[in-house]
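Colleague: For reference, the structure I am asking about is given below.
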Amino acid sequence: MRQRFPNTKNECGEPDGMAAYQKREGSTVQKLIARNALSRALGLALLGLASSTAFAQAQTATPAAADTQSTQETQQSSQEQVTELDRVVATGFRQSLEYSTLAKRESTGFVDAIYAEDIGKFPDVNIAESLARIPGIQLNRDVNGEGLNIAIRGLPSSFTKTTINGQSVATASIGLDAQNANREVDLNLFPTEFFTQLKVYKSPTANLPEGGASGVVDMRNVRPFDNPESQVTYSLQGDYNDLSEKTSPRGTVIGSWLNEDKTFGVLVGLTSQRGHIGVEGYETIGWTNPNLTDAQCVDGGSGTTFPAMGAPCNTTGGNGWRIPDSIASRPGETIDAQWLRDHNPGLTNAQIGEALIPRLGRPVHMAGDRDRDAFLGSVQWRPNENLEVYADVLYTDAHRTNDRIDMNLIGRNGAMVPTNMQLDANNVVTSATFENAQYFLEARPYTEDVKYWQFTPGATFFFDEDVKLDVQASVSRSWMYRESPTILFNSPVTTVQYTNNGDIPTWQSGLDLNDPNIGWTWTGGRVWAQNEKRVTTTGGLNTSLQLGDDRNNVTFGIAYDENYRTIVGFGDTGTNWQPYAFEQVPDAALPNYINPGPLGFVTVDFDSFMADTNYAFYRDAAGEANSSNTSAPTGGFDEANTAAFIMVNGESEIWHRNLRFNMGVRY
């Protein structure tokens, strides 16, 4: 009788690793038996040689030596009684490696895969980091170093189609600070422990879904019949971040139960993670150069006009920061072309006009929580060899916070005056004294909640020896809400000693930027309330009819897939909350809401400031905006695809070599 289900295909049409292994099992056993026979022959030859040598040396042996020789012969006779095994099965990590190798070998196209034992051995926080172990996969990491999404063959991640059990996946999350305005899928929502197979299809076939220009990634969750018996597995892990000085624990427990007849099974999995991030870095937010007036470019020029594009002082454009005509610290002096040359020896006015500094050079500190709870449920029913029915449920709930602060040396629209400036060959400022300089503190905390669920039922029917029907449906939904206010205030004007030796730019000034009482001011400051809501939904129905066995067949199929997403930004960007906050917390009271920070500059007492300025009211009252705080535009799409395909798989022998082929048409 044919064993059908051990040789079934997965949701994307490729043979499962177990099926591929069983197909090759006979040849594997034959090779092992042959290897055993060869080993016995070599062993007998060596023993015979050793016996001849021993006999030659034992002509004068005593009777006791003869007894010893008789005992050795008896042991040799027992060693020759080798039991031939009719079955050799590799298990554990070695088995998973064989499954991965066979999956690639048995595939007609370019396919890479890893299986359960491989995945379980990896210390990966989420499934994105596990997928990065497959050749040709590039991992995009978030600012905190955690794997976020993947790309194939160097193309953007929006060109990769991601599926779970063959069905489309769409997530509403955006990492720490990404826009995700295309088809990116953030995989940090999905715990590694819930998946038993990861496959990457790098070449198209007719049965694969649309949308994967660079490839298709399919993740197959664990199911009850993956284990031959009822069992419970668990894992506990922890990471320590020396910046946050906190430990991030995570744990998983998965239990599966099978009835006595092995025809019905239930699997339940739970995982929980309590993560903590700590990030310290430096950002430039681009580079900028001065916007000189004609009077600062050439002697005798006008102080109210600027050089045209292509002029010596404006060859590349940019022109971000305006050098003022005069400053309070130099009364009676006019900052013109001659003044700039005198105070920047060795530089021409054209070089000064093209000098590059960070647009907003700023050290950054981030700290927050990355919590995630997930649930997996799966049911399988196999009453006979002609039918299998299954249903999978996946749910993830993530809560994330981030207290971000950065101290900015204002370059983009500032009014710094350069003196003693030195440039490298690329016009990058390596050293300078900037007078009339100013800093601002930007605090951007956020709180975010993300949820995702997916339900996937399906069934496989055998109507005849070589007729198989697969039917599968799926529906998923993901939504995100993020609130992200901005609090920004400026320092007094100061003089800065700036150095950029090719590493991180540094500065020194007469201000202690970690002192709440140096004279911080709202002048030029900002108090904004911005929120973002996202919703994504997917749905699909796939059915395929296979005529033939797994190697030689014709498959007909139809598929329906729909995808919906909406992004809505909400913002009170200076309209209501800002004037109320400035009234409640004037400059004189501002030091009461400022604390020394963890990275050498001040931070905000968020709880006190939010409470005393009635932030919650203005947050909830913020109106719909054209974009979110990540600059993702408000909008969305709603698409539906209906497809039909025919695919032919075959295998033949040409010149004593196996030839496998796959061809098909999808409309």
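Colleague: Counting only heavy atoms of protein chains, what accessible area per residue, in Å², does the stretch 505-605 have with a probe of 1.4 Å?
Modeller: Accessible area per residue, the stretch 505-605: 43 Å².
Colleague: Find how many whole Å separate the alpha carbon centroid of the stretch 355-407 from the alpha carbon centroid of the stretch 292-342.
Modeller: 51
Colleague: For the stretch 437-584, what is the Kirkwood estimate of the hydrodynamic radius, computed as the reciprocal of the mean inverse distance between distinct Cα atoms, to one decimal in Å?
Modeller: The answer is 21.5 Å.
Colleague: Another one. How much of Met610 can a 1.4 Å solvent probe reach, expressed as accessible area in Å² and rounded to 10?
Modeller: Estimated to the nearest 10 Å², Met610 gives 30 Å².
Colleague: Could you give the length gained on full extension between Arg660 and Gln497, defined as 0.36 nm per residue of separation minus the Cα-Cα distance, in nm?
Modeller: Numbers: separation 163, 0.36 × 163 = 58.68 nm, distance 6.94 nm.
Gain on stretching Arg660 to Gln497: 51.7 nm.
Colleague: Would you calculate the convex hull of the Cα atoms in the stretch 315-365 and tell me its volume per residue in Å³?
Modeller: 121
Colleague: Can you compute the modelled spin-label distance between Ile558 and Val648, with each label point 7 Å from Cα toward Cβ, in nm?
Modeller: Here the modelled spin labels are 2.4 nm apart.
Colleague: Determine the relative contact order of the stretch 249-371: mean sequence separation of Cα pairs under 8 Å and six or more apart, normalised by residue count, in whole percent.
Modeller: Once divided by the residue count of the stretch 249-371, the mean separation gives 35 percent.
Colleague: For Asp261 and Arg133, FRET efficiency with R0 = 41 Å and r from the beta-carbon atoms, rounded to 0.05?
Modeller: 0.60
Colleague: In the stretch 264-418, carbon and sulfur make up what percent of the accessible area (probe 1.4 Å)?
Modeller: The C+S portion of the solvent-accessible surface of the stretch 264-418 is 57 percent.
Colleague: Please compute the per residue accessible area over the stretch 368-494 with all protein chains in place, 1.4 Å probe, rounded to a whole number of Å². Intermediate values should be presented prior to the final figure.
Modeller: Numbers: 4210 Å² over 127 residues.
Dividing the accessible area of the stretch 368-494 by its residue count gives 33 Å².
Colleague: When the accessible area of the stretch 617-666 is computed with all protein chains present and a 1.4 Å probe, what percentage of it is carbon and sulfur?
Modeller: With neighbouring chains kept in place, the figure for the stretch 617-666 is 51 percent.
Colleague: What is the local net charge at Asn641, summed over the other residues whose Cβ is closer than 11 Å to its Cβ (Lys, Arg +1; Asp, Glu -1)?
Modeller: Its environment carries a net charge of -3.
Colleague: When the chain is fully extended, how far beyond the present Cα-Cα distance does Arg526 get from Phe455, taking 0.36 nm per residue of separation?
Modeller: 21.1 nm
Colleague: While we're looking at this one, here's another question. Rounded to whole Å and ordered largest first, report the semi-axes of the equivalent ellipsoid of the stretch 263-416 derived from its Cα gyration tensor (root of 5λ). Present the calculation step by step, with values, prior to reporting the outcome.
Modeller: Numbers: eigenvalues 843, 72, 21 Å².
Semi-axis lengths for the stretch 263-416 are 65, 19, 10 Å.
Colleague: I've got another one for you. Aspartates and glutamates within cross-link reach of Lys262: Cα-Cα under 16 Å, excluding same-chain residues under 8 positions apart?
Modeller: Qualifying aspartates and glutamates at Cα under 16 Å: Asp226, Glu229, Glu385, Glu388.
Colleague: Which order do peptides 433-440, 552-559 fall in by mean Cβ count within 10 Å, highest first? Please report the intermediate quantities before stating the final value.
Modeller: Numbers: 433-440: 21.8, 552-559: 17.1.
Result, highest mean first: 433-440, 552-559.
Colleague: In vacuum, with every alpha carbon of the stretch 112-223 counted as one equal point scatterer, what does the Debye formula give for log10 I(q)/I(0) at q = 0.19 Å⁻¹? Two decimals, please.
Modeller: Taken in order of the listed q values, log10 I(q)/I(0) reads -0.95.
Colleague: Calculate one ³J(HN,Hα) per residue across the stretch 485-490 by plugging θ = phi - 60° into the Karplus curve 6.51 cos²θ - 1.76 cosθ + 1.60, and present them in order as whole Hz with x for glycine and proline.
Modeller: x, 10, 10, 9, 9, 9
Colleague: How much accessible area per residue does the stretch 161-250 have, in Å², with a 1.4 Å probe?
Modeller: Counting only protein heavy atoms, the per-residue value for the stretch 161-250 is 37 Å².
Colleague: A follow-up question, please. Say R0 is 35 Å: what FRET efficiency, to the nearest 0.05, do Leu243 and Ala308 get from their beta-carbon distance? Don't skip to the answer; put the middle values down first.
Modeller: On the way: r = 48 Å, r/R0 = 1.38.
In this case the efficiency is close to 0.10.
The values are calculated or read from the model by the stated rules, or taken from the named source; none is laboratory data. All figures in this text were calculated on a predicted structure; none of them were measured in a lab. Positions of Cβ are backbone-derived with ideal geometry, glycine not excepted, and every protein chain shown enters the neighbour counts. Side chains are part of the model used for accessible areas, which takes the heavy atoms of the whole protein and leaves out ligands, DNA and RNA. Shrake-Rupley method; radii C 1.70, N 1.55, O 1.52, S 1.80 Å.
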